[in-house]
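*Asks:* Structure incoming, see below.
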Amino acid sequence: MQNISALSDALVGQRRWDDPEVVIEWNWLLGADTDMSWKFVEHCRRRFKRAYKRNMALIQILECEYYGKNSFYHL
């Protein structure tokens, strides 16, 4: 999923590693401040969870429209 964090975008080649936001997030995640690292991880988890739920709802609607009564979600 895109735009969870600048660092996750860099991991899949959607941002450059020298992008200032990527560098900041890299330092948050891998720096000496353990509390900051966990805050960053929790922030990313929350964003991923929201995006996942939103996308799954859309997938369910689209699949039902496309496959009709043969949709997995129709069962």
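Read the figures in this text as sums done on the coordinates, not as results from a lab. Predicted model, so just to flag it, every value in this text is computed and none were measured. No Cβ is skipped: glycine too gets one built from the backbone with ideal geometry, and neighbour counts run over all protein chains shown.
*Asks:* Between the helical axis of 20-30 and the dominant principal axis of the chain, each derived from Cα atoms, what acute angle in degrees is found, rounded to the nearest 10?
*Replies:* Relative to the chain, helix 20-30 is tipped by roughly 80 degrees.
*Asks:* For labels at ASN27 and ALA57 in the simple 7 Å Cα→Cβ model, what's the distance in nm?
*Replies:* Using points 7 Å along Cα→Cβ, the separation is 3.7 nm.
*Asks:* Between VAL12, PHE48, ILE24, whose Cα lies farthest towards the positive end of the dipole of the chain when Lys and Arg beta carbons carry +1 and Asp and Glu beta carbons carry -1, centred on the Cα centre?
*Replies:* Selected residue: PHE48.
*Asks:* Related question: Report Rg(Cα)/(2.2 N^0.38 Å) for segment 6-74, keeping two decimals.
*Replies:* Cα Rg divided by the expected 2.2 N^0.38 Å: 1.61.
*Asks:* How many nm separate the modelled label positions at CYS64 and VAL12, each set 7 Å beyond the Cα in the direction of the Cβ?
*Replies:* 2.6 nm
*Asks:* Here is a follow-up. Return the lysines within reach of LYS39: Cα separation strictly under 20 angstrom, same-chain partners fewer than 8 residues apart disregarded; answer none if there are no such residues.
*Replies:* LYS49
*Asks:* So, with +1 on the Cβ of K and R and -1 on the Cβ of D and E, and no other charges, what is the size of the charge dipole of segment 6-74 about its Cα centre, to the nearest 20 debye?
*Replies:* 420 debye
*Asks:* Which residue, chosen from TYR67, ALA57, MET36, occupies the Cα position most advanced towards the positive end of the dipole of segment 6-74, where the dipole is computed from +1 (Lys, Arg) and -1 (Asp, Glu) charges on Cβ about the Cα centre?
*Replies:* Final value for the positive-end residue is TYR67.
*Asks:* Based only on other Cβ atoms within 10 Å, what is the fewest-to-most ordering of LYS49, LYS69?
*Replies:* LYS69, LYS49
*Asks:* Let me ask you something else. Determine ³J(HN,Hα), in whole Hz, for all residues of segment 31-40 in sequence, where each value follows from phi through the Karplus function 6.51 cos²θ - 1.76 cosθ + 1.60 and θ = phi - 60°; x replaces Gly and Pro.
*Replies:* Working through the residues one at a time gives x, 6, 7, 5, 4, 5, 4, 5, 4, 5 Hz.
*Asks:* Pairs of alpha-carbon atoms within less than 8 angstrom and 6+ residues apart define the contacts here; what relative contact order does the chain have, in percent?
*Replies:* 19 percent
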